[in-house]
1. Quick check: is even one residue across segment B:18-27 more than 16 Å from B:HIS107 (Cβ to Cβ) and either facing chain A (nearest Cβ under 9 Å) or without any contact (Cβ under 8 Å) to a residue 12 or more places away in the chain (or both)?
2. Would it be correct to say that B:ALA30 is in contact with a strand residue (DSSP E or B) (Cβ under 6 Å, 6 or more places away or on another chain), in a loop (DSSP other than H, G, I, E, B) and either within 11 Å of chain A (Cβ to nearest Cβ) or surrounded by 21 or more Cβ atoms within 10 Å (Cβ to Cβ) (or both)?
3. Any idea how many residues of segment A:62-110 are more than 14 Å from chain B (Cβ to nearest Cβ) and either touching a Pro at 6+ places or on another chain (Cβ under 6 Å) or part of a loop (DSSP other than H, G, I, E, B) (or both)?
4. Looking only at segment A:2-14, filter to residues that are closer than 19 Å to A:ILE99 by Cβ and touching a strand residue (DSSP E or B) at 6+ places or on another chain (Cβ under 6 Å); which one of those is most open to solvent (accessible area, probe 1.4 Å)?
5. For segment A:15-51, which residues satisfy the criterion of being part of a loop (DSSP other than H, G, I, E, B) and either in contact with a Phe, Trp or Tyr (Cβ under 8 Å, 6 or more places away or on another chain) or surrounded by 15 or more Cβ atoms within 10 Å (Cβ to Cβ) (or both)?
6. Can you report the number of residues in segment B:96-117 which are more than 7 Å from chain A (Cβ to nearest Cβ), open to solvent by less than 50 Å² (accessible area, probe 1.4 Å) and either outside any loop (DSSP other than H, G, I, E, B) or touching a Cys at 6+ places or on another chain (Cβ under 8 Å) (or both)?
7. Being in a strand (DSSP E or B) and more than 11 Å from chain A (Cβ to nearest Cβ) is true for just one of B:THR80, B:THR49. Which residue is that?
8. Does B:ILE69 satisfy being touching a strand residue (DSSP E or B) at 6+ places or on another chain (Cβ under 9 Å), within 14 Å of chain A (Cβ to nearest Cβ), open to solvent by 10 Å² or more (accessible area, probe 1.4 Å) and in a strand (DSSP E or B)?
Amino acid sequence: DAKTTQPTSMDCAEGRAANLPCNHSTISGNEYVYWYRQIHSQGPQYIIHGLKNNETNEMASLIITEDRKSSTLILPHATLRDTAVYYCIVMKTSYDKVIFGPGTSLSVIP
Amino acid sequence: GAVVSQHPSRVICKSGTSVKIECRSLDFQATTMFWYRQFPKQSLMLMATSNEGSKATYEQGVEKDKFLINHASLTLSTLTVTSAHPEDSSFYICSAGGTGPADQPQHFGDGTRLSIL
């Protein structure tokens, strides 16, 4: 599976949009981009995934560049409860093992 | 939505005890389940892949005789930490992939915090 790189940490003011970038320059054509987050002392929570089109759900939006080499997770109105470590992962299928990198530690500040 | 349940959520036991952790998929069938371990301030580390009806596949450096995995049904996988010692204290998390569309996301349990005294 392709590797991803993410910033180690980010801050975001409460109520503002949080934009979390991810680089996956070696992604292959049949690999999806998945985003998960882990709130302290809990298991990872699925957020959103996409192949090449932008996606939106009740939690977030996912913007994938046309060349698919990078993506951005957008939390439109960050709240304090969005403080977590966010993981960007590329996989072919949900049956593949997930190799977690260090992720981005997002701190939402009042 | 899809839910993965882990039990127990926390266990404290004496050194030398064997501890069993259960991972259940509650509303879907999981042909493949995964077990992770997470130490404080670190990311999740994959330990093994559990396939229903067959032997688990362990990652390099993970002792299969130490961490016994059984995946006897499409909704249950168990991890047994045998003769646990203080260095086995960690946060253990399972995940499950379904039998639906290939891009259906994996879902994770809420983890089991194991403390060995």
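The values are calculated or read from the model by the stated rules, or taken from the named source; none is laboratory data. The structure displayed is predicted, hence computed values, not measured ones. We place every Cβ from the backbone using ideal geometry, glycine too, and count neighbours over all the protein chains shown. Each accessible area value is taken on the protein alone, full model and side chains, heavy atoms only, with ligands, DNA and RNA left out. Shrake-Rupley method; radii C 1.70, N 1.55, O 1.52, S 1.80 Å.
1. There is no residue in segment B:18-27 that is more than 16 Å from B:HIS107 (Cβ to Cβ) and either facing chain A (nearest Cβ under 9 Å) or without any contact (Cβ under 8 Å) to a residue 12 or more places away in the chain (or both).
2. Considered against the rule, which asks whether it is in contact with a strand residue (DSSP E or B) (Cβ under 6 Å, 6 or more places away or on another chain), in a loop (DSSP other than H, G, I, E, B) and either within 11 Å of chain A (Cβ to nearest Cβ) or surrounded by 21 or more Cβ atoms within 10 Å (Cβ to Cβ) (or both), B:ALA30 comes out as yes.
3. The total comes to 12.
4. A:THR5
5. A:HIS24, A:ILE27, A:GLU31, A:SER41, A:GLN42, A:GLY43, A:PRO44, A:LEU51
6. Qualifying residue count, segment B:96-117: 5.
7. B:THR80
8. yes
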